[in-house]
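The values are calculated or read from the model by the stated rules, or taken from the named source; none is laboratory data. All values reported here derive from a predicted model rather than from experimental measurement. Neighbour counts run over all protein chains shown; Cβ positions are idealised from the backbone, glycine included.
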C-alpha cells in the first residue's frame, strides 16, 4: 500500500510506463516522462538497459526526468513517481540511489 498511497491510487489498477529505447537523448526521455505523467502513469521507470552510457549520462538523465515529472505533477495535480535505474557495480549502485 505504500506506493498506492504515494500516487494516491487506492483501488484502481496502477499504470507504469517505461522510458526507452536505449540511445534516446536525455532531452527526449524527459519529454516522454512529461507525456506519460500527463497521460496518467502512476510510476515511470528507466528502461532496465539504460544506466550511465555516453549517450545517456546518469545524473543528467535523472535531473531532467525527475524535474519534468515534478513540473507536470504540479501543473496537473498528479502524483506520478519517477524511478531511476541505479544499476552498476556496488559503489555505483549506492551512489546512484542516493543521488536519485
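So is residue 18 part of a strand (DSSP E or B) and surrounded by 14 or more Cβ atoms within 10 Å (Cβ to Cβ) or not?
Values: part of a strand (DSSP E or B): yes; surrounded by 14 or more Cβ atoms within 10 Å (Cβ to Cβ): yes.
Taking the combined requirement at face value, the residue satisfies it.
Which residues, counting only those in region 84-96, are out of contact with any strand residue (DSSP E or B) (no Cβ under 7 Å at 6 or more places or on another chain) and part of a loop (DSSP other than H, G, I, E, B)?
Correct list: 86, 87, 88, 89.
Return the residues of region 28-46 that are within 9 Å of the chain's Cα centre (by Cα) and either part of a strand (DSSP E or B) or surrounded by fewer than 18 Cβ atoms within 10 Å (Cβ to Cβ) (or both); say none if nothing qualifies.
Correct list: 43, 44, 45, 46.
A quick yes/no check of all residues on (1) free of Cβ contacts under 8 Å to residues at least 24 places away in the same chain; (2) within 17 Å of residue 18 (Cβ to Cβ):
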| position | (1), (2) |
| --- | --- |
| 54 | yes, no |
| 57 | no, no |
| 76 | no, no |
| 79 | no, no |
| 86 | yes, yes |
| 96 | no, no |
| 99 | no, no |
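Starting from residues that are modelled with pLDDT of 95 or more, in contact with a strand residue (DSSP E or B) (Cβ under 9 Å, 6 or more places away or on another chain) and outside any helix (DSSP H, G or I), keep the ones in region 47-83 and report whichever is surrounded by the fewest Cβ atoms within 10 Å (Cβ to Cβ).
For region 47-83, the residue satisfying everything is 83.
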